[in-house]
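Remarks on the structure that follows.
Read the figures in this text as sums done on the coordinates, not as results from a lab. For clarity, every value in this text was computed on a predicted model and none was experimentally measured. A quick note on method: Cβ atoms are made from the backbone with ideal geometry, for glycine too, and the neighbour counts reach across all protein chains shown.
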Amino acid sequence: MKIAKLIVAAALLGGMSGVLTSCSDNDTPVAYYPVNVSVNLPEEIASATILDEEYQFKNVSTNEVKTFTSASEIELTEGLYDVTYTAHVRMENGVETTMRAMAQGVTITSGDNEINLTAYNTIEADDLIIAEVFNTGTTNATGGQNRDSYVKLYNNTDKVIYADGLSLFESDFSTIQKYDYDPDVMPTHVVVRTLFTVPGDGTQFPVQPGEYFLMVDRANPASENSFDLTHADVEWYDVSQVASQQDTDNPDVPNMDKVYSYSRSITILDQSQRAFGIARLGVPADEFLENYAYTATYELVTAAGSFSMTKKDCYMIPNEWVVDVVNMSPRDNYAWNVTSPAIDCGWSYVAQNSSDKTRFFKSVRRKMLYVNEAGNPVLKDTNNSTEDFNARVTPSEIELQGTAIDADGTLCTTRTYDGVTPVK
Amino acid sequence: MRNLIRYLSPATLALTVSVSAFGHEADTLAVAGDMIIERIARHEDMMRGMAWRSYANPAVRQWEQDYGYSALSGGYGYSGSNRAVDVSRGTGESAWRVAADSYIKHKTSTLWGSAGYSNGRQRGIRWNESSDADLVYPYFTADSIGGDMRMETYSFAGGYADHNDRWAWGVSAGYRAGLYYRAVDPRPRNTTGCLDIAAGGALRLGRSDYQAAVSVSFRKYKQSCDIEFVNELSDNSIWHLTGLGTHYERFAGSGYSHYYNGLQWGAGVNLFPSSRSGAVASVQFSSFNFDHILTGFNRLPLQSVTDSRVSAQAGWLAPGASHDFAVTADLSHRRRTGSENIFGDPSGNVYPQIGSLALYSHTLTEASLNVLWQWRPESESLLSVKPGVGWSRSDESYADPRRRVLLSAVTPGVTVKGSRIFGGKWHASLSAEIACALPVDNICELPYDKNIPAGMQAVDINRYDILSKTNTLAGVNVALSRALNGRYAIGVSAGYFRHGYADGVHSDRVDVSASFIF
């Protein structure tokens with residue numbers, strides 16, 4: 001009987017090891033699928049020679065970036081990607097330029113993947129550029145907002161530029177909520193909800209090479225945790241229809257002309273989920289308001305179902321009028337760019353997420369490339385805000401005036417060109 | 001949680017009281033003549049635990065022991081290390097607990113039950129705000145701050161088995177609930193619930209005492225998690241980890257409310273001698289699947305896991321009058337595959353799923369061989385020696401970008417235990433164990449990624465750094481019981497264990513408890 005038991009035990013042990021050895025490691029490799037990318041070149045450089053090109057695929061899920069230098073070698077895993085195409089080209093007249101294309105939210109699946117990109121020639125800026133957006137402002141010790149936001153422009157050229165007629169705008173679309181608007185005008189226009197224009201006859205506001213032009217919400221003197229803005233060039237004063245929320249007007253600082261604002265009270269730029277830009281309107285303001293209104297429909301999809309919505313009370317600016325723009329979004333909530341990649345291929349941020357209360361005392365500042373022979377900083381301008389701006393840095397006015405960098409009143413002791421590069 | 005307590009407490013009490021009440025009468029009938037001090041001695045006999053896998057089948061558990069044994073106990077446990085081996089599990093924990101356990105024989109029937117409550121603190125957890133880490137890994141939701149976590153756990157379980165000359169059957173059920181929270185930022189609040197149900201049947205083979213048994217089991221698991229930051233100026237960034245220092249970038253900073261929802265099915269076959277003498281064998285298979293779901297994105301299924309496990313044990317039990325002998329071989333193979341779902345452009349807050357990538361895998365294979373020899377120089381003394389050797393191989397990998405951690409070791413060890421009854425009223429035991437894990441083959445491929453927080457990546461690098469080197473475990477346990485009369489006894493026990501790693505890293509564990517045994 002004992003021998004029989006031993007045989008049973010041995011058989012069981014043998015069977016058991018057989019079961020286990022059949023379960024060997026077999027790591028399944030991740031499948032890569034070929035992707036065909038077609039780039040439609042702009043008409044003016046269709047016959048240009050491509051010197052080099054780069055296809056960049058950023059996996060939206062993982063943030064992993066894969067770069068290819070030839071369209072024939074692109075293979076990707078399944079996923080959702082943001083695609084950026086950059087090429088250096090030489091035109092027939094010998095001029096070399098940079099061409100870019102971008103597509104967001106491209107789905108790569110196990111089937112055939114075809115991507116069509118429309119490239120844009122990157123036109124060298126010959127106007128003012130946005131050097132800094134400080135939209136969040138500062139707060140006092142009790143948490144109240146000081147309303148000291150500003151936008152700082154910069155003359156990155158070697159000639160005098162006049163800010164007269166330059167308009168500051170805020171996009172209507174949010175960078176954290178993506179909808180399929182119908183009609184979709186984004187390839188050709190920026191839809192805005194706020195528009196203020198620098199007054200003047202064309203010679204009133206000269207900006208010298210290497211100089212800044214400061215546009216502020218309120219040109220107020222320094223206060224608790226805030227800094228002096230009475231030296232601002234212009235302010236966007238807004239006549240409010242709400243008695244409890246009135247703007248302040250510094251009579252010594254010229255007011256910008258209000259073309260349009262969605263707000264019935266004062267205009268603030270605190271929300272860090274819009275695109276901010278500057279443009280030169282190609283038509284008078286009244287004609288713009290009459291002919292460039294934008295109305296669209298879109299589907300609001302919720303857990304409770306889909307609802308047809310209408311967007312109105314906003315206007316559209318043609319891309320060719322846009323001088324510069326920076327898309328901004330809370331870092332963790334970014335959904336899409338609300339302008340065409342022809343004018344901005346990237347985005348920047350001051351807030352880490354939608355409820356980030358540490359966004360105050362932070363701005364985005366354009367990166368400095370070098371200091372030229374005249375001693376002026378030369379700022380980076382590639383129409384890609386991700387690459388061009390330093391995100392979430394100390395605002396320049398706080399550095400210049402050595403004021404508070406937080407609600408506790410800690411004073412700023414640093415001085416930089418761009419929030420990162422120290423002034424020597 | 002008050003509701004949970006309201007429901008659990010009466011159930012726990014009812015179970016404990018009913019089992020205990022049943023036990024008073026049943027013990028008298030079934031094991032008349034067994035003095036409590038003798039039952040304590042038999043309960044500490046190491047032979048009982050050698051075929052432990054077989055007792056997962058409730059039909060077989062009726063032959064785990066042939067005497068009734070019940071205990072009400074309370075105790076305190078502490079563990080702590082000077083450096084966390086795995087910071088996502090913390091540096092240690094301390095908790096006090098109360099528990100009731102009962103195992104009752106009545107004619108051919110067997111009834112068992114248990115209930116327990118513990119309250120304490122898990123310390124020094126970083127890069128993980130989820131609970132039940134061994135169940136839901138690698139898909140933790142994490143922040144860079146972490147800290148201690150308060151915990152309360154409740155559990156109750158019970159089972160019934162019976163047999164006749166040819167057939168045997170049994171059922172068991174258990175429920176475990178937990179509440180884990182922190183009162184300072186970041187403030188996770190996790191509630192866990194785990195329901196286990198099993199049923200088994202056995203057929204007597206001919207006229208032998210061998211039982212061929214089968215069993216099926218089912219588990220329902222859910223963990224709901226909420227993270228809150230009260231201080232508006234604190235860093236409230238959170239990440240949804242994907243294993244080996246990676247995370248799901250797209251939903252970083254969002255998904256403060258999430259949950260894990262899982263099911264497990266299992267089946268097993270056993271060969272077990274009802275006399276507990278002869279060959280034992282057990283093969284079990286289980287498959288556990290769960291989804292990790294972000295509540296705020298219309299219940300977005302972010303990740304899912306399939307965990308399949310096959311385990312087996314075979315051995316020989318040879319109890320004798322003055323010498324006992326047993327040998328068992330254990331093998332288990334487990335493969336966990338984690339998939340990340342890919343989502344397209346959202347419409348509002350609704351994300352359409354466009355694909356799924358199986359990126360994480362963990363294969364864990366373990367084998368061990370244990371031998372037990374016991375000697376009774378006289379009827380009231382017992383000396384046990386259990387040498388053994390184990391082998392383990394843990395292979396974790398992430399497919400893209402490629403990351404891998406392989407840890408394998410051979411662990412020889414020995415446990416020596418001596419026990420004795422003094423004067424018919426006292427029972428004392430002293431045991432000591434020592435084991436040493438010797439690395440066999442280790443691989444660490446964790447390239448640094450500048451886009452991922454350094455602390456997140458350091459978790460697995462540090463874990464590898466510690467576990468890839470020789471480490472030793474040593475411990476002692478002492479227990480003392482005194483019979484109050486023929487049916488009741490009280491007992492105390494204390495244990496101390498020290499795990500020493502390279503570079504001065506060590507962890508200590510202390511357990512003390514007091515029991516009322518009947």
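Each label was represented as a point 7 Å from its Cα along the Cα-to-Cβ direction; for B:Val492 and B:Lys469 these points are 3.8 nm apart.
Reducing the stretch B:400-446 and the stretch A:85-125 to their Cα centroids gives an inter-centroid distance of 61 Å. Residue-wise HN-Hα couplings along the stretch B:190-196, as the Karplus relation 6.51 cos²θ - 1.76 cosθ + 1.60 with θ = phi - 60° gives them from phi, are 10, 10, 10, x, 9, 10, 10 Hz; Gly and Pro carry x. To the nearest ten degrees, helix A:2-21 and the longest principal axis of the Cα atoms of chain A are 30 degrees apart. Centroid-to-centroid, using Cα positions, the stretch A:158-237 and the stretch B:87-164 are 59 Å apart.
For the stretch A:270-400, just say rounded, prolate or oblate: build the C-alpha gyration tensor, square-root its eigenvalues into a ≥ b ≥ c, call rounded for a/c under 1.5, and beyond that prolate if a/b exceeds b/c, oblate if not. Because a/c hits 1.5 or more and a/b fails to exceed b/c, the stretch A:270-400 counts as oblate. A Förster distance of 22 Å, applied to the separation of the beta-carbon atoms of A:Asp180 and A:Thr109, puts the FRET efficiency at 0.65. Amide H contacts of A:Asp148 (H built 1.01 Å from N, in plane; Pro and chain starts excluded): A:Thr138 sit under 5 Å, all sequence-distant by 5 or more or on other chains.
Peptide B:311-318 has a mean of 4 when you count, residue by residue, the C-beta atoms of other protein chains within 10 Å of its C-beta. Under conditions of 37 °C and 0.692 mPa s, the stretch A:129-401 yields 172 µm² s⁻¹ as its translational diffusion coefficient, taking Rh as the Kirkwood radius over Cα pairs in the Stokes-Einstein equation. Once the chain from A:Val420 to A:Thr230 is taken as fully extended at 0.36 nm per residue, the excess over their C-alpha distance is 65.8 nm. Cross-link pairs exceeding 18 Å in C-alpha to C-alpha distance, out of A:Lys178/A:Lys312; B:Lys105/B:Lys417; B:Lys386/B:Lys469, comprise B:Lys105/B:Lys417; B:Lys386/B:Lys469. For the stretch B:79-129, the Kirkwood hydrodynamic radius from C-alpha pairs, put into Stokes-Einstein at 4 °C and a viscosity of 1.567 mPa s, yields a diffusion coefficient of 95 µm² per second. Taking a ≥ b ≥ c as the square roots of the Cα gyration tensor eigenvalues, with a/c under 1.5 meaning rounded and otherwise prolate when a/b beats b/c, else oblate, which class fits the protein assembly as shown? The shape class here is prolate. Candidates B:Asn82, B:Leu480, B:Val216 compared by Cα position along the dipole of the stretch B:2-517: farthest toward the positive end lies B:Leu480, with charges placed on Cβ. Taking a ≥ b ≥ c as the square roots of the eigenvalues of the alpha-carbon gyration tensor, the stretch A:106-192 is classed oblate because a/c is 1.5 or more while a/b is no larger than b/c. Exposed loop sites here are GluC sites (Glu not before Pro) assigned a DSSP state other than H, G, I, E or B and surrounded by at most 11 other beta carbons within 10 Å; excluding them, the longest clear run of chain A is A:125-372. Across the stretch A:291-297, computed HN-Hα scalar couplings (Karplus, 6.51 cos²θ - 1.76 cosθ + 1.60, θ = phi - 60°) run 10, 10, 5, 10, 10, 9, 10 Hz from first to last residue, x flagging Gly and Pro.
The amide H of A:Thr416, built 1.01 Å from its N in the peptide plane, has A:Val423 as neighbours under 5 Å, considering only residues 5 or more places off or on other chains.
Shape annotation for chain B: C-alpha extents along the principal axes are 73, 47, 46 Å, from largest to smallest.
For the stretch B:385-459, which chymotrypsin sites (Phe, Trp or Tyr not before Pro) pass both filters: DSSP loop (anything but H, G, I, E, B) and at most 13 other C-beta atoms within 10 Å? Mind dumping the intermediate values first?
Working: sites: B:Trp391, B:Tyr398, B:Phe422, B:Trp426, B:Tyr448; in loops: B:Tyr448.
Qualifying residues, ordered by number: B:Tyr448.
Shielding value for B:337-349 is 6, the average number of Cβ atoms from other chains within 10 Å of each residue's Cβ.
Translational diffusion coefficient of the stretch A:33-121 (Stokes-Einstein, Kirkwood radius from Cα pairs, 37 °C, 0.692 mPa s): 243 µm²/s. Computed from Cα atoms, the angle from the helix B:2-30 axis to the main principal axis of chain B rounds to 20 degrees.
Taking amide H atoms as placed 1.01 Å from N in the peptide plane, list the residues 5 or more away in sequence, or in a different chain, whose amide H sits under 5 Å from that of A:Asp228. Result for A:Asp228 returns A:Ala222.
Only the Cβ atoms of Lys and Arg (+1) and of Asp and Glu (-1) were treated as charged; on that basis the dipole of the stretch B:2-517 about its Cα centre amounts to roughly 860 debye.
Once both axes come from the Cα atoms, what is the angle between helix B:454-467 and the longest principal axis of chain B, in degrees from 0 to 90, rounded to 10? Helix B:454-467 and the main axis of chain B meet at about 30 degrees. Taken one residue at a time, the phi angles of the stretch A:225-237 give Karplus couplings (6.51, -1.76, 1.60, θ = phi - 60°) of 6, 10, 10, 7, 10, 6, 8, 4, 7, 8, 9, 9, 7 Hz. Gly and Pro are set to x. Per residue, the average separation of C-alpha pairs within less than 8 Å and at least 6 apart gives chain B a relative contact order of 12 percent.
For chain A, what is the calculated [θ] at 222 nm in deg cm²/dmol (nearest 500), taking -39500 (n - 2.57) for each run of four or more DSSP H residues and dividing by its residue count? Present the calculation step by step, with values, prior to reporting the outcome.
Details: 4 runs with 37 residues, N = 424.
Dividing the helical sum by the residues of chain A leaves -2500 deg cm²/dmol.
Positive end of the dipole of chain B (Cβ unit charges, origin at the Cα centre): among B:Val371, B:Phe497, B:Met46, the Cα lying farthest that way belongs to B:Met46. Calculated FRET efficiency, A:Ser244 to B:Leu430, Cβ-Cβ distance, R0 = 56 Å: about 0.10 to the nearest 0.05.
Taking Cβ atoms as reference points and 13 Å as the exclusive limit, the residues near B:Asn341 contribute a net charge of -1, counting Lys and Arg as +1 and Asp and Glu as -1.
Dipole magnitude for the protein assembly as shown: computed about the Cα centre from +1 point charges on Lys and Arg Cβ and -1 point charges on Asp and Glu Cβ, it is near 6800 debye. For the stretch A:69-226, the dipole from Cβ point charges (+1 on Lys and Arg, -1 on Asp and Glu) about the Cα centre works out to 560 debye, to the nearest 20.
Around A:Thr49, under 11 Å between beta carbons, what's the net of Lys plus Arg minus Asp minus Glu among the other residues? The answer is -2. All other residues whose Cβ lies under 9 angstrom from that of B:Gly390 are scored, Lys and Arg at +1 and Asp and Glu at -1, for a net of -2.
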